[in-house]
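Computed from the coordinates by the stated procedures, all read-outs in this text should not be read as laboratory data. All of these numbers come straight from a predicted model, not from anything done at the bench. Ideal geometry is used to build each Cβ from the backbone, glycine not excepted, and the neighbour counts take in all protein chains shown.
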Amino acid sequence: MEKMLDETLNEAAETVVGPSVKIQGDLNSEGNIKIEGQVSGKVKTSQSVFVIPGAKIAADVLAGNAVVGGEVQGNLKISGHLILQSTAKIIGDINCAVLRVEDGAQFSGKCNMNTGPVVNGNGKKLNHDKNEPELEPEE
């Protein structure tokens, strides 16, 4: 899984928030998101989110998979794999199916791991089934 996420990070990031970029507002995508700068607003994708060391998010993150090396002050709701790298700092609750925490990562909050679908902040399911869309449409 880590190799697949690393390859995705290097080759297929559809949206890149560069190191000098500061976004205030929600960031929604159906593709992979790579964050090197700062985001103050919800980050949401049905694919993967990569928070590079030095990057900062001040809001909730909803994604299919995530690799966090930077700082997140908000809740993480990940339907698949979540990797907290050694440089990660999380202040918020985690809800994911699979969690890996590297030595040195910091985490302050509650963690709920389940094998069923994750429910986002609007009560919608994030599915694992490849035959169904990852995110149900919002009303």
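Quick notes
- Between Val21 and Lys56, full extension at 0.36 nm per residue minus the direct alpha carbon distance yields a gain of 11.5 nm.
- Label zone at Ile91, where the point sits 7 Å out along the Cα-to-Cβ direction: the stretch 24-50 residues whose backbone N lies under 19 Å: 24-25, 37-43
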